[in-house]
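Shown next, in structure tokens, is the structure this report addresses.
What follows draws every value from the coordinates through simple rules; no lab data is involved. What you see is a predicted model; the values in this text were computed from it and never measured. Quick reminder, even Gly has a Cβ in these numbers, built from the backbone with ideal geometry, and neighbours come from all protein chains shown.
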Amino acid sequence: MVVDLTLRPATSADAAAVALVHLRARAAAPMPPPVHTDTEVASWLASRIGGAGGDEVWVALRGETLIGYVRFTRTWLDDLYVDPDHAGRGVGTALLDLAKARHPRGFGLWVFESNTPAYAFYLASGLVERDRTDGSANEERAPDIRMEWPGA
């Protein structure tokens, strides 16, 4: 448990910090190169904050600094990113536990096959692998894995 961590719903004022965490975390992870510009990513994420399309976006703060976020719907965990400077300190676990608590009947997610640290994290957190693809259906055209948290 991270003692000095605050989790709360994201607000529009968090949009720039959410985008920064997203971009920094993706750049540091063994993931395919992005297909969208940083500006496009920031704009799209800002449009998702506030429940657009059924998304819930929650942020993790240490003091006043936004260090991670999770974005999910009723059935999918779409994003879980932690700033690389704060990785490995329980932030991702706290965000994943929040998603589990909000959706105790379970949810799915996709992780790139190349992102072995994230895959290992999800396995260790009780998610199970359901399917692997060649990536032809995702924007990055990179092999990915569908995982599921089956619920409480």
### Summary
Taking first residues from region 21-38 that are more than 16 Å from Tyr69 (Cβ to Cβ) and second residues anywhere that are among the hydroxyl-bearing types (Ser, Thr, Tyr), the pairs with Cβ under 9 Å that are 6 or more apart or on different chains are Pro30/Ser114; Pro30/Thr116; Met31/Ser114; Pro32/Ser114
### Query
Within the group Ala16, Ala29, Ala42, Ala10, which residue is more than 15 Å from the chain's Cα centre (by Cα), surrounded by 12 or more Cβ atoms within 10 Å (Cβ to Cβ) and aliphatic (A, V, I, L, M)?
Ala16
### Query
Right, Asp97: surrounded by fewer than 16 Cβ atoms within 10 Å (Cβ to Cβ) and within 13 Å of the chain's Cα centre (by Cα) or not?
yes
### Answer residue from region 48-76, given it is β-branched (Val, Ile, Thr) and touching a strand residue (DSSP E or B) at 6+ places or on another chain (Cβ under 6 Å) and is surrounded by the most Cβ atoms within 10 Å (Cβ to Cβ) among those
Val70
### Subset of region 66-92 (residues that are free of Cβ contacts under 8 Å to residues at least 40 places away in the same chain and among the hydroxyl-bearing types (Ser, Thr, Tyr))
Thr73, Thr75
### Message
Is it the case, given these coordinates, that Leu7 is touching a residue at least 60 places away in the same chain (Cβ under 8 Å) and either over 21 Å from Val128 (Cα atoms) or out of contact with any Ser or Thr (no Cβ under 7 Å at 6 or more places or on another chain) (or both)?
### Response
yes
